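Data block below; observations after.
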Amino acid sequence: MATNRLPDPLLVLDSLGEITIRFVRKSFSGILDGLASVGGVLVMCGQIMALFPKALQRPDSVVKEAMRLGVASIPLVFVTSLFVGMVAAFSAKYQFRDMVPLKYLGTSVAKLVLLELGPVLTGLVMSGRIGSSIAAQIATMKEKEEVDAMSVLDLQPLRYLAAPRVLVGMAAMPVLTTISCFLAIVGAWGVCVIGLGVTSYTFLSGTRLFFSPYDVFVCEIKALVFGLLISLMGYYHGSQAAGGAKGVGEATMKSVVSSSVMILLFDFLIAFLLLRQSPT
Amino acid sequence: MPGVQIDPNDEIIQLNHLRKSFWTTEGEQQVLQDVSLSIRRGETMVIIGGSGGGKSVILKHMIGLLQPDGGEVVVDGKVISTPDYFDGATIRRKMGMLFQMGALFDSMSVGENIAFALREHNPGIPEDSVDEIIARLLGLINLNPAFASKMPSELSGGMKKRVSLARTLAVEPEIVLYDEPTTGLDPITSDVINDLIIDTQHQFNVTSVVVTHDMVSAFKVADRIAMLYQGHIIFVGTPEDVRTTHNPYVQQFVRGQRKLEAVAV
């Protein structure tokens, strides 16, 4: 016959105490781990940047990465940017309805593309293309002990693996973003002329109406920072991978997620710093 | 080993009370509890022990890829077991390591793999000299010079390990560490690797540390054999000592018997 014994109150208290201690310890260790990761990334970033001149001493590896990460990304940028521009035009036309003259359609699209859509969407797309590629490659090299082999040969992995990739990431993003902005405006122009009944002259004069070189400056600064974030997160998570194929997959996923979140965070920070006041 | 003079008092690597733990999903795992071992200059020391017992962890401590939780690693009279030792230190130039799967750089050809460290450590070295060194090292590992242009993906497992050895020897190390050099190879290819380990010791007068659980290989290449068991070095002796010891754990391992009780002592 089963007995229905109540637990000893002291035992319950003891268990509750232990659960609380575990929870607090876990929470604190999570916070400390997070801070350690941020610190680790910042230190790594400084070390990598200091190695840029040495990375340039091996131009063949930089060119190879530029072809693989930058040039090979152009078709993807081409397709996504054209569609983004086309959607931007439709969206602007819908919002204008009969309240805003259509001559401002080009203005709206150009501002939107230069200040926001161009750098941010290119950044998000490239975090999936460049960041994941770097993370998967470095994680696989780590799993196959190639990174250790490099260290054993007294060759700094940061110099030979990280610096060329981060350098290319920082150089490629402004170029890709410029192409993206141009193609998005072309896409919007095509939609306006073919589908929305706006003349080419009206659209193009609209794009010039409130054009400011400062917008291009902000756009390129964003692209440069996003390029750094994408390649840095790719390398960092790749170098932290452990546990075989699962580890490689997790590193790739973490790289895309963290760089995407950081792109949006830094997008706000840059806007806050550079767009608070109108340029004089 | 005939032809190699070993001074028993000249110790090139010393591990003193080494401790190392790793955190896993099951909690803390203490892999090395108290490992002390001395390796003499010019000898081939083989470390045997069960899979997952921490043999490779010992090698990684010797070359500074891991830092111990306690104890110290002394290489050529210098304590290298401090976190910042390898920043700017040149001790690694004295050491080379052959990894379990070869760890060749996939994006480089065989020749580029062999010459990578050579070119980087000697900027301005003439390409003719580099080509000559590549051809000589490929000859040493019994591969045709035409292999220099092949990619690692075109090589068999045994060839990858041989090329990895050539890459290690390109920087003329004084100490070569071998991590499971014959694992995954057929007996004949394993013997080729064993001969290469012996030839390397003789020709280059290097100190070798070999981690393996292949007893055929251990008996063939070793000057001395150390056994790692449950985080401790429980036995050090010559291959003959290993054959004749009454240590039940060593005998169990050498004979490949599952139960300790079955070992006749």
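The values are calculated or read from the model by the stated rules, or taken from the named source; none is laboratory data. Note that the coordinates shown come from a computational prediction; the quantities given were computed from them, not determined experimentally. Ideal geometry is used to build each Cβ from the backbone, glycine not excepted, and the neighbour counts take in all protein chains shown. What goes into the accessible areas is simple: the full protein's heavy atoms, side chains included, and nothing from ligands, DNA or RNA. Shrake-Rupley method; radii C 1.70, N 1.55, O 1.52, S 1.80 Å.
At-a-glance table
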read-out: Area accessible to solvent at B:Lys259, 1.4 Å probe radius, in Å²; value: 110 Å²
read-out: Portion, in percent, of the accessible area of the stretch B:15-104 that falls on carbon or sulfur, probe 1.4 Å; value: 46 percent
read-out: Length-normalised contact order for chain B - Cα pairs under 8 Å, 6+ apart - percent; value: 25 percent
read-out: Rounded to 5, percent antiparallel among DSSP beta bridges of the stretch B:11-262; value: 55 percent
read-out: Principal-axis tilt of helix A:74-96 within chain A, Cα atoms, nearest 10 degrees; value: 70 degrees
read-out: Mean Cβ neighbour count within 10 Å, used as a protection proxy, ranking B:74-81, A:208-215, B:136-143 highest first; value: B:136-143, B:74-81, A:208-215
read-out: Whole-percent carbon and sulfur share, accessible surface of the stretch A:51-274, 1.4 Å; value: 74 percent
read-out: Loop-resident sites, the stretch A:28-109, for trypsin sites (Lys or Arg not before Pro), counting at most 13 other Cβ within 10 Å (DSSP); value: A:Arg97
read-out: Packing-based order for A:123-133, A:187-197, using average beta carbon neighbours within 10 Å, highest first; value: A:123-133, A:187-197
read-out: Degrees between helix B:110-121 axis and first principal axis of chain B (Cα, 0 to 90, nearest 10); value: 90 degrees
read-out: The stretch B:240-260 versus the stretch B:95-165: alpha-carbon centroid distance in Å; value: 39 Å
read-out: Chain pair A, B: total accessible area buried, heavy atoms, 1.4 Å probe, Å²; value: 1700 Å²
read-out: Accessible surface, the protein assembly as shown, averaged per residue in Å² (probe 1.4 Å); value: 49 Å²
read-out: Area of A:Ile185 that stays accessible when all protein chains are in place (1.4 Å probe, Å², to 10); value: 40 Å²
read-out: Potential extension, A:Asp8-A:Leu204 segment - 0.36 nm per residue separation minus Cα distance; value: 62.5 nm
read-out: Rh by Kirkwood over Cα pairs, then Stokes-Einstein D for the stretch A:11-147 at 0.890 mPa s and 25 °C, µm²/s; value: 121 µm²/s
read-out: Those residues of the stretch A:118-156 for which accessible area with every protein chain present is at least 30 Å² below the isolated value (1.4 Å probe); value: A:Lys144, A:Glu145, A:Glu146, A:Asp148, A:Ala149, A:Met150, A:Ser151, A:Val152, A:Leu153, A:Asp154, A:Leu155
read-out: For the stretch B:11-262, average projected area of the Cα convex hull in nm²; value: 14.7 nm²
read-out: Scattering profile of the protein assembly as shown at q = 0.05 Å⁻¹ [log10 I(q)/I(0), Debye over alpha-carbon scatterers]; value: -0.31
read-out: Heavy atoms of B:His246 accessible to a 1.4 Å probe, total area in Å² rounded to 10; value: 140 Å²
read-out: Acute angle (nearest 10 degrees) that the helix A:132-143 long axis makes with the longest principal axis of chain A, alpha-carbon atoms; value: 30 degrees
read-out: Shape of the stretch A:183-231, Cα gyration tensor, a/c cut at 1.5; value: oblate
read-out: Interchain or long-range residues, amide H under 5 Å from B:Val210's placed H; value: B:Met45, B:Val46, B:Ile47, B:Tyr178
read-out: Contact order relative to length of chain A, as percent, for alpha carbon pairs under 8 angstrom and 6 or more apart; value: 29 percent
read-out: Cα centroid of the stretch B:20-80 to Cα centroid of the stretch A:122-189, whole Å; value: 35 Å
read-out: Translational diffusion coefficient (Stokes-Einstein; Kirkwood radius from C-alpha pairs) of chain A at 4 °C, 1.567 mPa s, in µm²/s; value: 60 µm²/s
read-out: Residues in the stretch B:36-63 occluded by at least 20 Å² - accessible area, probe radius 1.4 Å, against chain by itself; value: B:Lys60
